[in-house]
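Notes for the one structure printed next.
FYI, it's all coordinate maths here, none of it is from the lab. Because the structure is predicted, anything quoted here is derived from the model rather than measured. For neighbour counting, all protein chains shown are included, and Cβ atoms are generated from backbone atoms with ideal geometry for every residue, glycine included.
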Amino acid sequence: MRRAASVLALVALISVFLAGPAAATGKTGQVTVFWGRNKAEGSLREACDTGTYTIVVISFLNVFGHGKYNLDISGHPVAGLGDDIKHCQSNGHLVYLSIGGFGNGYSLPSAKAAEDFAEYLWFTYLAGTRPGTHRPFGDAYVDGIDFFIETGSPANYDVLARRLWNYNKDFRGRTPVQLMATPRCKFPDRQVDRALATGLVGRINVRFYGDGYCAAYWQLEWEKWTKAYPDSQVYVGLPASEQVVGYVHPKNLFYGVVPVVQKAANYGGIMIWERYADKQSNYSSYAIQWA
């Protein structure tokens, strides 16, 4: 684990001599964080109030596709979360809901299952309203859906993406359903490539961590992702904990990684995994300066 992380650090340091310090021209100021993975991370409102994130992703809705649904936010109380969402949004933050995660309780066995799931998301968590529908966040609604598909069949996520996007046609001047995906770094990620092929996913968080290969060849994979989806904003996903393979020391982030990723015309920003680890390391305080 440590060895893989050190490989990435070495590659990043070599880039110092090739690229020099980060150029301001490629900065977007965008930092995304995943929230909901540890109850000790604090509230969603607290995360937004740090001032170091522009997008917060609630994770995960980890059971779907077979008539059952479950939101797992690691013991955080759902009561009051709607007010936190509205607080974050009123201060300029986007809030997404991530579907999938690391369990095996989800899949979309048919196009009908995908259509039903899209309808569920629209009326339960997004801007749709329907009498008699229980909304866990009350009258608050998230800005979009993130596809974090780690397990199961990749089938029908393209159907889900199109169906969700279709709700936007009734709204002029705004997009109540924004789509995001968080694939593994090795290109392509077969779990989400059908959804990405729709051309409807506006933000892609590529996970450059948890994989020794990615720690060594991150630049090669970054180029593949940015070239494959020129109309999407591509974020470089990094862990906030140095215990995770692929951790990049802040100094190496500034001198080695940022100058490389900001050369891409569709560079979106930095994604941080995840809020609890970031609360311990304060990694985002560096990221927000250089993103």
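Annotations
- Kirkwood radius for the chain, taken over all pairs of different Cα atoms as the inverse mean of 1/r, rounds to 19.2 Å.
- Length released on extending from residue 285 to residue 90, taking residue separation times 0.36 nm less the Cα-Cα span: 68.0 nm
- Global geometry of the range 206-246, whether rounded, prolate or oblate, following the gyration tensor of its Cα atoms and the 1.5 cut on a/c: oblate
- By DSSP, the beta bridges lying fully in the chain are antiparallel in about 5 percent of cases.
- Distance between modelled label sites at residue 72 and residue 242, nm, 7 Å Cα→Cβ extension: 3.0 nm
- Expected 222 nm ellipticity per residue - DSSP helices of 4 or more, -39500 (n - 2.57), all of the chain, to 500: -9500 deg cm²/dmol
- With R₀ fixed at 41 Å, the C-beta to C-beta distance from residue 169 to residue 104 puts the FRET efficiency at about 0.75.
- 26 Å Cα cut-off, lysine pairs counted over the chain (separation 8 or more, or different chains): 22
- Cβ crowding within 10 Å, taken as a proxy for footprinting-reagent exposure, orders 174, 190, 275 from fewest neighbours to most as 174, 190, 275.
- Against the main long axis of the alpha-carbon atoms of the chain, helix 2-19 sits at an angle near 70°.
- Between the helical axis of 157-166 and the longest alpha-carbon principal axis of the chain there is an angle of about 70 degrees.
- 163, 135 arranged by Cβ crowding within 10 Å, fewest neighbours leading: 135, 163
- In this structure, residue 27 and residue 50 have a Cβ-Cβ separation that, at R0 = 22 Å, corresponds to a calculated FRET efficiency of about 0.70.
- Burial ordering of 201, 63, fewest other beta-carbon atoms within 10 Å first: 63, 201
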